[in-house]
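Everything on this sheet refers to the single structure shown next.
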Amino acid sequence: MTANEQFDQYLQQKLDEKKSIGTLRSLIYASDKIDFSSNDYFGFAQSGLLNAVDKNELPAGATGSRSITGNSALAEATEQLIADFHNREAALIFNTGYMANVGLFSCIAGKGDTYISDEYIHASIIDGMRLSYANRLRFKHNDIADLEKKLSAATGKKIVAVESIYSMDGDEATLIAIAALCKKYNALLIVDEAHATGVYGDKGDGLVCKYNLEKDVYAVVHTFGKALGLHGAAVTGSNVLRNFLLNQARSFIFTTALPPHSYLLVQKAYSLLPTADRNKLHQQVNYFREQIAAVKNIGFIQSHSPIQGILAGDNFKTKALAAYLFEKGFFVRPILSPTVPVGKERIRICIHSFNTYEQIDQLVAAINVTQ
Ligand SMILES: Cc1ncc(COP(=O)(O)O)c(C=O)c1O
């Protein structure tokens with residue numbers, strides 16, 4: 001056996017281990033199913049609205065990193081538009097939300113400083129914090145008392161990281177209380193608004209703006225891959241932070257910038273956000289919650305956001321329920337442990353403004369049959 005074959009055998013063993021505990025992932029696609037899974041909350045990605053942007057005059061690619069040849073007036077104007085939209089001084093665009101979080105959290109703190117993050121914080125923030133060499137403390141999910149305990153134990157610069165809407169549970173951080181506590185302990189607060197951008201706030205500017213917390217939050221991450229239906233992300237904050245990141249954030253510096261037409265698409269999506277059908281989206285969410293609450297013997301996670309979790313048991317039961325619903329024509333995905341804690345394995349359902357009441361009824365009826 002060659003060294004390459006031996007290595008493949010070793011990797012296959014690891015995959016077999018994952019399979020035996022029900023956590024093996026595979027890639028699927030299904031354009032013919034009813035979408036109860038994507039993060040395209042308003043259907044921007046599908047609607048054709050964004051395709052109306054004229055990209056013919058633009059180069060197909062950025063030709064280099066932002067620091068070398070990939071910068072443009074268009075990129076900078078887009079950043080200013082985003083900063084203004086969210087009531088911040090400045091914004092810096094990264095190629096993805098993952099890269100924004102890794103870049104931000106890896107470079108703004110170091111040895112002797114302390115990150116304190118909610119235990120359900122997104123993997124991209126965990127990876128960024130790990131790269132920083134700062135100490136890391138976790139507080140119990142949305143537990144203010146535990147956050148206070150951790151804040152009083154922290155040393156050096158203290159930076160608290162939360163998501164305004166949690167990507168797996170769909171519940172909301174108690175942002176006002178968290179911001180007050182950060183003030184008391186002289187800690188910085190950073191909020192990832194990935195699942196709130198577009199979905200909350202009068203014009204879709206997110207929960208930090210909705211609660212007027214702009215001055216109490218040091219930096220906010222907005223991603224373009226969810227409600228905006230696109231790709232990329234921005235870190236918003238002060239001019240100094242922007243300058244620091246473009247000097248220090250390695251996931252910004254050492255990568256080819258987005259293609260120029262991406263900025264046009266982001267501008268277009270932002271122009272659509274104020275009139276996006278938030279009322280309808282939240283009505284559909286409430287309708288789903290009422291219907292699922294009436295199903296006997298079903299566990300679900302309390303959430304008022306479009307992200308709804310149906311607790312299905314262990315990894316195998318969750319996969320089986322997802323497969324059944326998929327076969328019945330619904331695009332839903334299982335979320336398994338260890339991505340979520342053991343016992344909290346779930347079907348993650350995303351409600352969209354374009355889902356109809358009838359589709360929601362059909363989905364709930366299909367879940368009901370399995371109980
Ligand atoms: C809370 C949160 N932050 C960041 C990201 C990463 O964003 P992107 O998909 O743009 O890399 C995600 C997406 O999964 C997310 O849910």
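Can you say whether SER65 is open to solvent by 20 Å² or more (accessible area, probe 1.4 Å) and assigned to a loop (DSSP other than H, G, I, E, B), as far as the supplied structure shows? No, not satisfied.
Out of contact with any Cys (no Cβ under 7 Å at 6 or more places or on another chain), under 17 Å from LEU228 (Cβ atoms) and in the same structural domain as SER251 (by TED's automatic domain parsing): is that true of ALA75 in this structure?
The answer is yes for ALA75.
For THR78, the test of being surrounded by 19 or more Cβ atoms within 10 Å (Cβ to Cβ), of a type in the set (Val, Ile, Thr) and more than 14 Å from the ligand (Cβ to nearest atom) is passed. Based on what the data block shows, is LEU246 among the aliphatic types (A, V, I, L, M) and over 18 Å from the mean Cα position of the chain (by Cα)? For LEU246, the condition - among the aliphatic types (A, V, I, L, M) and over 18 Å from the mean Cα position of the chain (by Cα) - is met.
A single entry from SER353, SER337 fulfils the requirement of being part of a loop (DSSP other than H, G, I, E, B), out of contact with any strand residue (DSSP E or B) (no Cβ under 7 Å at 6 or more places or on another chain) and outside the structural domain of LEU230 (by TED's automatic domain parsing): SER353.
Applying the condition of being within 16 Å of the ligand (Cβ to nearest atom) and in a helix (DSSP H, G or I) to the range 1-49 and asking which residue is most open to solvent (accessible area, probe 1.4 Å) yields ALA45. The residues of the range 296-308 that are at pLDDT 95 or above and not hydroxyl-bearing (Ser, Thr, Tyr), listed by number, are HIS304, PRO306, ILE307, GLN308.
Scan the range 247-285 for residues that are open to solvent by 60 Å² or more (accessible area, probe 1.4 Å), of a type in the set (A, V, I, L, M, F, W, C) and closer than 21 Å to HIS86 by Cα and the total you get is 0. In summary, GLY64 fulfils each of the numbered conditions (1) out of contact with any helix residue (DSSP H, G or I) (no Cβ under 9 Å at 6 or more places or on another chain); (2) under 26 Å from VAL191 (Cα atoms); (3) among the small types (Gly, Ala, Ser) with the single exception of condition (2).
Tell me the residue from VAL240, VAL266, VAL221, VAL235 that is touching an Asp or Glu at 6+ places or on another chain (Cβ under 6 Å), over 23 Å from ASN355 (Cα atoms) and either within 12 Å of the ligand (Cβ to nearest atom) or in a helix (DSSP H, G or I) (or both), please.
Values: VAL240 fails: touching an Asp or Glu at 6+ places or on another chain (Cβ under 6 Å); VAL266 fails: touching an Asp or Glu at 6+ places or on another chain (Cβ under 6 Å); VAL235 fails: touching an Asp or Glu at 6+ places or on another chain (Cβ under 6 Å).
Sole residue among the options that is touching an Asp or Glu at 6+ places or on another chain (Cβ under 6 Å), over 23 Å from ASN355 (Cα atoms) and either within 12 Å of the ligand (Cβ to nearest atom) or in a helix (DSSP H, G or I) (or both): VAL221.
The set of residues from the range 82-103 being within 11 Å of the ligand (Cβ to nearest atom), under 14 Å from GLY237 (Cβ atoms) and of a type in the set (A, V, I, L, M, F, W, C) comprises PHE94, ALA100. List every residue pair whose Cβ atoms sit under 9 Å apart, with the two residues 6 or more apart in sequence or on different chains, where the first one lies in the range 137-156 and is of a type in the set (Val, Ile, Thr) and the second, anywhere, is open to solvent by 50 Å² or more (accessible area, probe 1.4 Å). Every condition considered, the pairs that remain are ILE144/THR174; THR155/ASN135.
For the range 151-190, residues that are closer than 25 Å to VAL340 by Cβ and open to solvent by 50 Å² or more (accessible area, probe 1.4 Å) total 3. For the criterion of being touching a strand residue (DSSP E or B) at 6+ places or on another chain (Cβ under 9 Å) and in a loop (DSSP other than H, G, I, E, B), LEU246 fails. Summed over the range 232-246, the residues that are open to solvent by 10 Å² or more (accessible area, probe 1.4 Å), touching a residue at least 12 places away in the same chain (Cβ under 8 Å) and of a type in the set (Val, Ile, Thr) give a count of 0.
Scan the range 129-145 and tell me whether some residue there is of a type outside the set (Phe, Trp, Tyr), part of a loop (DSSP other than H, G, I, E, B), closer than 28 Å to SER67 by Cα and away from the ligand (no atom under 12 Å from the Cβ). Yes; the residues of the range 129-145 include at least one that is of a type outside the set (Phe, Trp, Tyr), part of a loop (DSSP other than H, G, I, E, B), closer than 28 Å to SER67 by Cα and away from the ligand (no atom under 12 Å from the Cβ). Of the residues making up the range 105-123, those that are more than 11 Å from ILE190 (Cβ to Cβ), within 16 Å of the ligand (Cβ to nearest atom) and assigned to a strand (DSSP E or B) number 1.
The values are calculated or read from the model by the stated rules, or taken from the named source; none is laboratory data. Please read these numbers as outputs of a predicted model, since none were measured by experiment. Cβ atoms come from the backbone with ideal geometry, glycine included; neighbour counts cover every protein chain shown. All accessible areas refer to the heavy atoms of the entire protein, side chains included, with ligands and DNA or RNA removed. Shrake-Rupley method; radii C 1.70, N 1.55, O 1.52, S 1.80 Å.
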